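Novice: Quick one: the structure is below, questions incoming.
The values are calculated or read from the model by the stated rules, or taken from the named source; none is laboratory data. Bear in mind that the values here come from a model prediction, so they are computed numbers and not experimental data. Every residue, glycine among them, receives a Cβ derived from its backbone with ideal geometry; neighbour counts consider all protein chains shown.
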Amino acid sequence: MALPAAEVHISDVTKREPFRQISYAGMACQGHFIGEGLEGYLSAARFLKQMIEPGLEEGGPTYSVRPSGGLVN
């Protein structure tokens, strides 16, 4: 069983230099938490817990978090 991964950026990298907007590691992640500050780590932990709980279908959806918060498909 593969474990899900989440990418966390404290700042909003989409508003920074172009080279910071490409994340090769992030391409393998199921969740992206960007611009939430340190709270992003808690959001990512909650997301990963949800992803590994029993009953989750394999190959489930990929979620992202916008800087304003909230999961986005």
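Novice: Go through (1) in contact with a helix residue (DSSP H, G or I) (Cβ under 8 Å, 6 or more places away or on another chain); (2) at pLDDT below 85 for E58 and report which single condition fails.
Specialist: (1)
Novice: So which residues in the range 17-43 are more than 11 Å from the chain's Cα centre (by Cα) and polar (S, T, N, Q), if there are any at all?
Specialist: Within the range 17-43, Q21, S23 meet the criteria.
Novice: Six or more apart or on different chains, Cβ atoms under 6 Å: show the pairs whose first residue is in the range 29-42 and closer than 8 Å to V8 by Cα and whose second is in a loop (DSSP other than H, G, I, E, B) and of a type in the set (S, T, N, Q).
Specialist: Short answer, once both residue conditions are applied: none.
Novice: Modelled with pLDDT under 90, outside any loop (DSSP other than H, G, I, E, B), of a type in the set (K, R) and at negative phi: is that true of R46 in this structure?
Specialist: So R46 fails the test.
Novice: For the range 1-28, what are the residues that are without any contact (Cβ under 8 Å) to a residue 12 or more places away in the chain, hydrophobic (A, V, I, L, M, F, W, C) and farther than 23 Å from E53 by Cβ?
Specialist: Of everything in the range 1-28, those that are without any contact (Cβ under 8 Å) to a residue 12 or more places away in the chain, hydrophobic (A, V, I, L, M, F, W, C) and farther than 23 Å from E53 by Cβ turn out to be F19, I22, M27.
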